[in-house]
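Everything below concerns the one structure shown next.
The values are calculated or read from the model by the stated rules, or taken from the named source; none is laboratory data. What you see is a predicted model; the values in this text were computed from it and never measured. Methodologically, a virtual Cβ is constructed for each residue, glycine included, from the backbone with ideal geometry; neighbour enumeration extends over all protein chains shown.
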Amino acid sequence: MINLQILIWVTSQERASHPVGTSIRVVDFLKNLPVRRQTALKSTAATLSKIKRTLKAYAIARPATRFSLKVLKAKNDKDNWVYAPKAGACVSDAAIKVVGKEVVGQCEWMVRSPNDPQASACSQTPDGSLGVDSAERSSDYIIQALIPRPQCGTHYMSRRSLDYLSDDCTQISQSSVMVPIISP
Amino acid sequence: MHIAALPPNAVRAIGSTQALTDAASVVKELIDNALDARASAIFVEISTNTLDVIQVKDNGHGIGPHDRDMVCRRFCTSKIRELDDLENIGGTSLGFRGEALASAAEMSGSVVVTTRVEGEAVAVSSKFGRQGEIER
């Protein structure tokens, strides 16, 4: 087995104009992996929509954060996406942007924690967090989910609808169709 | 915390053989880094063929002068110091392996890191390549 150590060295350093923060720019990705590069070039549309879905998931996980996706020198802006929340935006604002107002209108919040295994409805607080009482706050984790109400019509749930669990602001799950068991 | 190399036992325990698979995984790793830097705005730009340019810009706290050389070095991270820190990491940091930027640099033509921290008058831009030597 050959153990190849590749040293990454700084090749040049210069002054630049940039606000406080960081820009990482990857140039010529897969340049030295020609087979993978050819494969990637054949599926750019799929990659772009995967990136857009990733950003939507992040918007729901971090609804107070602004996200934008821009395809450089594109013919049109159909692959672009912007989530520009107002101050104090909460998860339902992000959900409205991602799946639309109609779908969110048919959903309600469920909150579960180890101390309180029963579901509890809760309201949004201005700072974006769901109103959770102090007993739940002392738990190791809190699961919050936006789930369709049992009585909603199935025509609101389309393939576009995405299902997310937000756990401590990290996106952990995503499925392309919401399929709760809805009893008639 | 500054960037420092992880001890060998931590590298063995948490090292991942999953390299970056496509542009989407690059974007995901860079967004995780931006969120760890407490960014409130993250801008993703990508070329039409998804390979020529992949850029993620954030307004987080930036990378300090002492850390800029180590940003793309494998198994070097500012997120944890040793294996046991992983116990306490939940909820505070999304990244911890010290692999994403190193893999990005290995698999691309170059990685350009432009960063400015609070108190600096101007930003610094560094270019990282795969070569073993420094170009002058």
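Taking the condition assigned to a loop (DSSP other than H, G, I, E, B), under 28 Å from A:Gln13 (Cα atoms) and facing chain A (nearest Cβ under 10 Å), does B:Ala39 pass? Outline the logic, then answer.
Details: assigned to a loop (DSSP other than H, G, I, E, B): yes; under 28 Å from A:Gln13 (Cα atoms): yes; facing chain A (nearest Cβ under 10 Å): yes.
For B:Ala39, the condition - assigned to a loop (DSSP other than H, G, I, E, B), under 28 Å from A:Gln13 (Cα atoms) and facing chain A (nearest Cβ under 10 Å) - is met.
Return yes or no: is A:Val20 facing chain B (nearest Cβ under 7 Å) and modelled with pLDDT of 90 or more?
Spelling it out, A:Val20 is indeed facing chain B (nearest Cβ under 7 Å) and modelled with pLDDT of 90 or more.
Considering only residues of the stretch B:19-36 that are touching a residue at least 60 places away in the same chain (Cβ under 8 Å) and in contact with a Gly (Cβ under 8 Å, 6 or more places away or on another chain), which is nearest to the other protein chains (Cβ to nearest Cβ)?
Filtering the stretch B:19-36 for residues that are touching a residue at least 60 places away in the same chain (Cβ under 8 Å) and in contact with a Gly (Cβ under 8 Å, 6 or more places away or on another chain), the one nearest to the other protein chains (Cβ to nearest Cβ) comes out as B:Asn33.
Please go through the stretch A:24-57 and give me each residue that is hydrophobic (A, V, I, L, M, F, W, C), within 7 Å of another protein chain (Cβ to nearest Cβ) and surrounded by fewer than 20 Cβ atoms within 10 Å (Cβ to Cβ), ordered by number.
Within the stretch A:24-57, A:Val27, A:Leu33, A:Leu41 qualify.
Considering only residues that are more than 9 Å from chain B (Cβ to nearest Cβ) and touching a helix residue (DSSP H, G or I) at 6+ places or on another chain (Cβ under 6 Å), which ones fall in the stretch A:58-80?
Selection gives A:Ala59, A:Ile60, A:Pro63.
For the subset of the stretch B:87-127 comprising residues that are free of Cβ contacts under 8 Å to residues at least 40 places away in the same chain and on the phi > 0 side of the Ramachandran plot, which member is nearest to the other protein chains (Cβ to nearest Cβ)?
The selected residue is B:Gly91.
Need pairs with beta-carbon distance below 6 Å; first residue among the charged types (D, E, K, R) and within the stretch A:49-66, second surrounded by fewer than 20 Cβ atoms within 10 Å (Cβ to Cβ); sequence gap 6+ or separate chains.
If the second residue must be surrounded by fewer than 20 Cβ atoms within 10 Å (Cβ to Cβ), the pairs left are A:Arg62/A:Cys169; A:Arg66/A:Ala84; A:Arg66/B:Ala41.
When you go through (1) at the interface with chain A (Cβ under 7 Å from one of its Cβ atoms); (2) surrounded by fewer than 17 Cβ atoms within 10 Å (Cβ to Cβ); (3) basic (Lys, Arg) one by one for B:Arg73, which number turns out not to apply?
Evaluating B:Arg73 over (1) at the interface with chain A (Cβ under 7 Å from one of its Cβ atoms); (2) surrounded by fewer than 17 Cβ atoms within 10 Å (Cβ to Cβ); (3) basic (Lys, Arg) leaves (2) as the failure.
For a quick check of your reading of the model, give me the residue pairs whose first member lies in the stretch B:70-86 and is assigned to a helix (DSSP H, G or I), whose second is of a type in the set (A, V, I, L, M, F, W, C) and surrounded by fewer than 18 Cβ atoms within 10 Å (Cβ to Cβ), with beta-carbon atoms closer than 6 Å and at least 6 apart or on different chains.
Note: pairs meeting the criteria are B:Leu83/B:Ala13.
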